[in-house]
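Only one structure is covered here, and it is reproduced in the block below.
The values are calculated or read from the model by the stated rules, or taken from the named source; none is laboratory data. Remember, it's a predicted structure, so these values are computed and weren't measured experimentally. Cβ sites come from the backbone with ideal geometry, for glycine too, and all protein chains shown count toward neighbours. Ligands, DNA and RNA are excluded from the accessible area calculation, which covers all protein heavy atoms including side chains. Shrake-Rupley method; radii C 1.70, N 1.55, O 1.52, S 1.80 Å.
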Amino acid sequence: AAKAQQMMQNQEKFLLTSKNQKMQAVWEMVKEVAQTNANVLITGETGVGKEIVAQEIHRQSKRADKLFIPINCQNYPDKLIESELFGHEKGAFTGAVNKRIGKIEAGSGGTIFLDEIELSTQITLLRVLETKQIERIGSNRLIDVDFRLVSATNRNLYQAVKEGRFREDFLYRINTIEIEVPPLRERREDI
């Protein structure tokens with residue numbers, strides 16, 4: 001087990017180094033951003049390492065001793081994502097046989113990473129980001145949460161705003177700082 005952990009740490013160190021100037025700039029920005037509480041939007045093509053960048057922001061932050069909770073929004077149907085994020089009370093809907101803590105509440109104090117951020121709960125998440133409170137489905141009690149939001153997408157959200165598929169106010173709320181990860185074809189020296 002110790003040998004596997006050592007191999008994992010060596011692999012992580014390798015991924016966090018680069019001979020590419022654009023990628024070096026990304027890691028420098030990560031160092032600076034990690035010291036803030038700003039919401040971060042990471043953009044880039046599929047497979048460029050957006051989640052690794054998000055994990056490194058968390059590892060270098062003041063929240064590093066708390067949880068890093070990754071949520072791939074595309075893995076959940078529209079109806080299920082709210083329950084996954086906010087939790088639910090027993091009996092809130094058919095199949096809710098127990099109370100369930102949502103990922104945002106479980107990750108309070110740490111970092112929430114929303115991968116592929118295009119989702120149907122933009123209005124609800126916007127309210128949560130403004131108030132730092134959630135409400136479980138089937139409850140009328142507000143719960144205070146403290147988390148840093150890091151989001152990622154491979155889509156052009158500015159174009160999605162123009163097309164009416166993404167809320168402009170939500171985009172600016174999740175995009176206090178944007179980090180663009182260059183495509184692998186521009187980082188051949190790192191492959």
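Against the chain, whose longest principal axis comes from its Cα atoms, helix 122-131 is set at around 90 degrees. Give me the lysines in straight-line cross-link reach of LYS62: C-alpha distance below 23 Å, same-chain residues under 8 apart excluded. Those lysines meeting the cut-off are LYS13, LYS31, LYS50, LYS103, LYS132.
Let me check against my output: what whole-number percent is the relative contact order of the chain, with C-alpha pairs under 8 Å and at least 6 apart? Numbers along the way, then the final one.
Details: 305 pairs, mean separation 59.5, N = 191.
Relative contact order, the chain: 31 percent.
Taking Cα atoms only, the orientation of helix 2-15 departs from the longest principal axis of the chain by about 70 degrees. Which residue, PHE68, ASN175, LEU157, has the largest displacement toward the positive end of the dipole of the chain when charges sit on each Cβ (Lys, Arg +1; Asp, Glu -1)? The listed residue farthest towards the positive side: PHE68. The distance between label points at ILE101 and ASN37 comes to 2.1 nm (points 7 Å beyond Cα on the Cα→Cβ vector).
Place a +1 charge on the Cβ of each Lys and Arg in region 42-99 and a -1 charge on the Cβ of each Asp and Glu, then give the dipole magnitude about the Cα centre in debye, rounded to the nearest 20. Walk me through the intermediate numbers first.
Details: 8 positive and 8 negative charges, 56 e Å.
Value, rounded to 20: 260 debye.
Largest first, the extents of the alpha carbon coordinates of region 63-155 on the three principal axes equal 35, 28, 22 Å. Here, region 98-142 is characterised by an Rg to Rh ratio of 0.94, where Rg is the alpha-carbon radius of gyration and Rh the Kirkwood radius. According to the Cα-based calculation, Rg over Rh for the chain is 1.00, with Rh computed by the Kirkwood formula.
Report the charge-dipole magnitude of the chain in Debye, nearest 20, computed about the Cα centre from +1 at each Lys and Arg Cβ and -1 at each Asp and Glu Cβ. Provide the component values of the computation, followed by the final result.
Values: 28 positive and 27 negative charges, 80 e Å.
Computed charge dipole of the chain: roughly 380 debye.
Ligands, DNA and RNA are left out, and with a 1.4 angstrom probe the accessible area of region 106-191 is 49 Å² per residue.
Once you have the Cα-Cα distance between GLU186 and SER139, take 0.36 nm times their residue separation minus that, and quote the gain in nm to one decimal.
On the way: separation 47, 0.36 × 47 = 16.92 nm, distance 4.90 nm.
Computed gain between GLU186 and SER139 is 12.0 nm.
List residues of region 171-186, by number, whose backbone nitrogen lies under 18 Å from a label position 7 Å along Cα→C-beta of GLU130. Flagged as within label range: 171-176.
Bridgeable aspartates and glutamates around LYS66 (alpha carbons under 13 Å apart, same-chain partners fewer than 8 residues away excluded): GLU105, ASP146.
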